[in-house]
Amino acid sequence: MDKTTNQKAWFLVLPVLILVAFSAVIPLMTVVNYAFQDTFGNNVFFWAGLSWFEDLLGSQRLWDAFYRQIAFSAIILAIEVPLGIIVALNMPKKGFWASVCLVLMSLPLLIPWNVVGTIWQVFARVDIGLLGYTLDAIGIEFNYTQNFWAAWITIIVMDVWHWTSLVALLAYAGLQSIPDAYYQAAKIDQASRWAVFRYIEFPKMLGVLMIAILLRFMDSFMIYTEPFVVTGGGPGNATTLLSIDLVKMALGQFDLGPAAAFSIMYFLVILAVSWVFYTVMTNLDKRDAQ
Amino acid sequence: MADATATRAETRSLSLPRVNGRAVVMILYLVFLMLPIYWLLNMSLKTNSEILGGLTLWPQTLTFANYVTILTDPAWYMGYVNSIIYVTMNTVISVTVALPAAYAFSRYNFMGDKHLFFWLLTNRMAPPAVFALPFFQLYSSVGLFDTHIAVALAHTLFNVPLAVWILEGFMRGVPKEIDETAYIDGYSFPRFFVKIFMPLVASGIGVTAFFCFMFSWVELLLSRTLTSVDAKPIAATMTRTVGASGVDWGVLAAAGVLTIIPGALVIWFVRNYIAKGFALGRV
């Protein structure tokens, strides 16, 4: 749609601007403030320059959490995106069963995050959980509070359970926008199933898939509640992802300086990656519009 | 003609669950999704001795005692009341401020509009863990700690951008000629917006409200950090089940089931918009 240029539109945006300034900019400025200062208590602060950042970049703890986070996000993206596409391709296209699928698939997305954690914490327990009990019964030792691999598998399966539907729903929305004529043309050309996917379905899905990947990257990168409820970051530090580490530092130990410096770097990483995705996304939009 | 019949026949066969590859994939996936939820529901209807006594696939001695515990103890059910209060406040605030802004983004070019739009999105990207401490200090210093409004305002951090994005997506679909005709007919902007435009995007407003409600409902880190007693959300109340004598599994499961219900109740109405909502109005 052609938009008219009208600077008065700023007045319409003003309420949002004020609200977001209050709930985002002021807190962020506090963080920036702490990141460059040190204190001996009693609210006396002095300039610390970049020392917190230097400390953090030299600390093994931060890098370990960072690598764990990268590994986590990479693994869940590698599972959820293909699985989501497969599910979307197999969903009924319309009718009652399509609605049933939509509703059932959305259900995990609407459960409070700590309840998701609780569900899996119970489900994977060897004594009272269906999954843990079954695995134990067939002779697989599965103890996510003690074993490194069991803990990781639990949080990854939990995330796949929680969020694959999001990818599937978006991919499905993309598929729905393909006119029937495309499929009929493919049929006349006797295109193989793979060719239909590669040249018709995939290009149409690409735009929404980018959104799905962007959202899944962002959310998995700042995941806190679910793994915290299940493993508490353990065993040892095995599942201490970035957010868990940050909350430990900021609210547990009250190390304001390092926590603030950590926050800034954390936010910048997410921002940078999201900006790349966003640019690709808007360019795809433009290409589609042409 | 033959084409049309073929399409119709195909449609009919797709809407029935036949034994074919597609159905098998879907059923496997849905079973995977439902199993943990079934297990939670199953546990919530058992006594603790049965839960710990051994694995049973359905309750041998069906009991609603766990639900009765929650619904009769104020310490428990106030958790739900608190959650509902701040979630509702947040939804009202988010949708109200987002409506004019979304209209501006969908209709006008103005200085810095694209940057502003992206900047709004960056707030959706901000990890709550980054904001937990500064929010705690900000709301403590203005005396709002442990109030519903504090949590409601904190959640606007990600819900206002969400609301603006979804509404913008819906408003783009309304032809601009409608605005122009209304102005020619002598409507003032506020009157046009409330009387004509808002009814046109009513479904969009409903969907946006649903998503604001949902995202505020599922968030725990911020709401837990900003409350202690008076405004404690249900999600944080659930830690009460860990007592001296171990975990009260039955009540924990029942509390979990009760948090799923609000979403499950309304999801049927928004099923066709759910992808659009999660994608911030971009589908």
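All of the numbers you see were taken from the coordinates with simple rules; none came from a lab. Here the structure is a predicted model, which is why all the values come from computation and not from measurement. Here the Cβ positions follow ideal geometry from the backbone for every residue, glycine too, while neighbour counts run over all protein chains shown.
At-a-glance table
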| quantity | calculated |
| --- | --- |
| Percent of Cα-Cα distances greater than 34 Å, calculated over chain A | 38 percent |
| Stokes-Einstein diffusion coefficient of segment B:17-60, Kirkwood radius over Cα pairs, 25 °C, 0.890 mPa s, in µm²/s | 202 µm²/s |
| Ordering of B:222-234, B:140-152, A:106-118 by packing [mean C-beta count within 10 Å, highest first] | A:106-118, B:222-234, B:140-152 |
| Highest-fluctuation residue, A:Arg198, A:Arg125, A:Arg68 considered, GNM on chain A with Cα pairs under 10 Å | A:Arg198 |
| Geometric extent, Cα atoms of segment B:72-278 - Rg, Dmax (angstrom) | 19.7, 73 |
| Relative contact order [Cα under 8 Å, 6+ residues apart], chain A, whole percent | 26 percent |
| Volume per residue that the Cα convex hull of the protein assembly as shown spans, once the total is divided by residue count, Å³ | 188 Å³ |
| Net charge dipole size for the protein assembly as shown [Lys, Arg +1 and Asp, Glu -1 on Cβ; Debye, nearest 20] | 1360 debye |
| Length-normalised contact order for segment A:131-290 - Cα pairs under 8 Å, 6+ apart - percent | 23 percent |
| Of B:Phe189, B:Leu167, B:Asn272, farthest towards positive along the dipole that unit charges on Lys, Arg, Asp, Glu beta carbons give segment B:166-283 | B:Asn272 |
| Shielding by other protein chains, B:20-29, mean Cβ within 10 Å | 4 |
| In range of the label at A:Phe46: residues from segment A:232-270 whose backbone nitrogen is under 17 Å from the point 7 Å along Cα→Cβ | A:257 |
| Kyte-Doolittle mean at least -0.5, axial Cα span of 20 Å or more - DSSP H helices of chain B | B:21-44, B:74-107, B:148-171, B:202-218, B:249-270 |
| Inverse mean reciprocal Cα-Cα distance (Kirkwood Rh) of segment A:203-290, Å | 14.9 Å |
| Rounded, prolate or oblate (a/c below 1.5 giving rounded, otherwise prolate when a/b exceeds b/c) for segment A:37-114 by Cα gyration tensor | prolate |
| Tensor-based shape of segment B:10-136 (alpha-carbon gyration tensor, a/c under 1.5 rounded, otherwise prolate or oblate) | oblate |
| Segment A:64-202: equivalent-ellipsoid semi-axes (sqrt of 5 x gyration tensor eigenvalues, Cα, Å) | 36, 17, 14 |
| Relative contact order (percent, whole number), chain B, Cα cutoff 8 Å, 6+ residue spacing | 30 percent |
| 19 Å reach of a label modelled at A:Lys8, 7 Å along Cα-to-Cβ, counting backbone N of segment B:103-123 | B:103-113 |
| Where only C-alpha atoms are counted, convex hull volume of segment B:108-152 per residue in Å³ | 112 Å³ |
